[in-house]
Amino acid sequence: QVQLVESGGDLVQAGGSLRLSCAASSGIFKFYTLGWYRSAPGKQRELVAEMPPVGITIYADSAKGRFTISRDSAKKTGYLQLNNLKPEDTAVYYCNAKGGDLAYWGQGTQVTVSS
């Protein structure tokens with residue numbers, strides 16, 4: 001069992017930046033694929049970025065050039081750097097860790113971008 005706790009969400013003006021964090025309860029986190037998803041009102045949850053332990057990191061088209069996913073395995077923490085935020089980025093952002101048949105989710109952190 002891996003518990004994930006997100007933090008870093010906030011209210012920010014358009015053009016601003018935030019860094020979201022995802023703290024994992026277990027060091028096995030480093031072997032899992034780290035993902036960030038978001039859920040906006042009236043919309044399905046969507047993938048924002050995904051970083052496997054080895055391999056290619058992928059980004060949603062809406063995130064390319066503005067968001068950066070990273071991880072610090074020593075700290076058992078994943079990050080999502082959000083730059084040049086837009087009102088349409090307003091959503092609850094969720095951290096996900098998956099490996100094999102297992103997948104874990106955090107509780108989410110709210111990002112609100114004002115125009």
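The values are calculated or read from the model by the stated rules, or taken from the named source; none is laboratory data. All values derive from a computational prediction rather than experimental measurement. Cβ atoms come from the backbone with ideal geometry, glycine included; neighbour counts cover every protein chain shown. The accessibility values were calculated without ligands, DNA or RNA, using every heavy atom of the protein model including side chains. Shrake-Rupley method; radii C 1.70, N 1.55, O 1.52, S 1.80 Å.
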(message) What FRET efficiency comes out for LYS98 versus SER17 if R0 is 30 angstrom and r is the Cβ-Cβ distance? Round to the nearest 0.05.
(response) 0.65
(message) Rolling a 1.4 Å sphere over the protein heavy atoms, what is the accessible area per residue of the chain, to the nearest Å²?
(response) 53
(request) Using Cα centres only, tell me the gap between region 80-102 and region 5-29 in whole Å. (result) 8
(request) May I ask you to give the percent of accessible area on the chain that is carbon plus sulfur, with a probe radius of 1.4 Å? (result) 50
(message) Two decimals, Cα atoms only, Kirkwood Rh: what is Rg/Rh over region 47-115?
(response) 0.97
(request) For the chain, restrict the atom set to alpha-carbon positions and state the Rg and Dmax in Å. (result) 13.3, 41
